[in-house]
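Heads up, the thing below is written out as structure tokens.
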Amino acid sequence: MTPERFCTEVPQRMRRLLDAMYPVAQEQDLTTSFALMVAMPLLMIPLERTATYRGEPTNAISEVDTAQPFVRALRQLKRGLFWETFLREPDLLRRWRFTEITRRIDHPSQWSDSLDRHPMRPGARNDIRAQTVENVLMTLRHALAHGNVVYLNEEGDEAPGRRVTHMAFVADGRGTDAYRVIIVEEAAFVEFLKVWADWLAGYNIDSSLRHAA
């Protein structure tokens with residue numbers, strides 16, 4: 001069925017697919033690829049369809065004017081800290097990392113933060129607490145749009161044939177030489193996608209008036 005509000009209803013359908021098909025992906029040992037497949041429409045559609053520059057829509061197909069309650073709510077959400085919104089449980093917080101890497105971005109085993117440590121090693125810098133929702137969402141969005149996603153094992157290496165435990169999302173540093181890198185445990189990323197989709201669902205057509213009131 002054609003959705004009434006594309007930017008929120010399509011992600012909600014992906015949420016239903018996630019619930020229905022994730023067990024199948026587990027049986028086939030394809031959970032990382034399935035999470036990546038679901039993440040693209042869940043993140044990119046709402047962010048792109050509501051994108052603006054100086055108050056004007058940036059995309060030819062936009063829902064900025066027709067989904068104002070959602071657009072306002074998303075703008076407000078983006079201003080908050082990511083961990084306070086999505087990672088309040090300590091167990092979730094420790095499973096996310098945010099850092100900047102200035103060199104050898106194409107060799108994950110050689111990644112080095114400002115403390116000269118690999119971001120998955122003990123004592124490495126982790127700035128996830130300082131990141132706004134907007135910075136995390138846009139880092140994920142840019143990484144997905146440009147194919148800058150890396151599968152990592154428990155040691156932080158991109159090792160063919162080894163089991164994937166973490167996903168890394170790499171985006172440019174917005175005018176700097178550094179790259180923004182999010183590293184998250186696969187299972188924690190899937191849980192985030194569920195929470196994000198549930199938040200979006202609150203702004204479907206049938207519930208938008210409730211939020212606007």
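The values are calculated or read from the model by the stated rules, or taken from the named source; none is laboratory data. The shown structure was predicted, so the numbers you read here are calculated from the model rather than taken from an experiment. Note: ideal-geometry Cβ built from the backbone for every residue, glycine included; neighbour counts use all protein chains shown.
Is region 141-152 home to any residue that is in contact with a Pro (Cβ under 7 Å, 6 or more places away or on another chain), outside any strand (DSSP E or B) and at positive phi? No, region 141-152 contains no residue that is in contact with a Pro (Cβ under 7 Å, 6 or more places away or on another chain), outside any strand (DSSP E or B) and at positive phi. Note on region 85-134: residues that are closer than 17 Å to V150 by Cβ, of a type outside the set (D, E, K, R) and not in a loop (DSSP other than H, G, I, E, B) amount to 7. Would you call Y22 over 14 Å from the mean Cα position of the chain (by Cα) and at pLDDT 90 or above? For Y22, the condition - over 14 Å from the mean Cα position of the chain (by Cα) and at pLDDT 90 or above - is met. Please tell me if G156 is free of Cβ contacts under 8 Å to residues at least 40 places away in the same chain and not hydrophobic (A, V, I, L, M, F, W, C). No; evaluated as a whole, the condition is false for this residue. Taking the conditions (1) modelled with pLDDT under 95; (2) surrounded by 13 or more Cβ atoms within 10 Å (Cβ to Cβ); (3) not hydrophobic (A, V, I, L, M, F, W, C) in turn, T132 satisfies each one other than (1). Inspect all residues belonging to region 175-188 and state whether any of them is at pLDDT below 90, surrounded by 14 or more Cβ atoms within 10 Å (Cβ to Cβ) and either among the acidic types (D, E) or out of contact with any Gly (no Cβ under 8 Å at 6 or more places or on another chain) (or both). Yes. Any residue that is surrounded by 14 or more Cβ atoms within 10 Å (Cβ to Cβ), hydroxyl-bearing (S, T, Y) and in contact (Cβ under 8 Å) with a residue 40 or more places away in the chain - is there at least one of those in region 84-99? Yes.
Quick check, is D106 surrounded by fewer than 17 Cβ atoms within 10 Å (Cβ to Cβ) and without any contact (Cβ under 8 Å) to a residue 40 or more places away in the chain? Against the criterion (surrounded by fewer than 17 Cβ atoms within 10 Å (Cβ to Cβ) and without any contact (Cβ under 8 Å) to a residue 40 or more places away in the chain), D106 qualifies.
Evaluation of R174 against the conditions (1) touching a residue at least 24 places away in the same chain (Cβ under 8 Å); (2) under 25 Å from Q76 (Cα atoms) shows that the sole unmet condition is (1).
Would you confirm, using the coordinates I've provided, whether T165 is surrounded by fewer than 17 Cβ atoms within 10 Å (Cβ to Cβ), under 19 Å from the mean Cα position of the chain (by Cα) and at pLDDT 95 or above? Yes; evaluated as a whole, the condition is true for this residue.
Within region 78-110, which residues are of a type outside the set (D, E, K, R), at pLDDT 95 or above and closer than 17 Å to G173 by Cβ? Answer for region 78-110, where residues must be of a type outside the set (D, E, K, R), at pLDDT 95 or above and closer than 17 Å to G173 by Cβ: F98, T99.
Tallying residues that are surrounded by fewer than 15 Cβ atoms within 10 Å (Cβ to Cβ) and modelled with pLDDT of 90 or more within region 196-208 yields 1.
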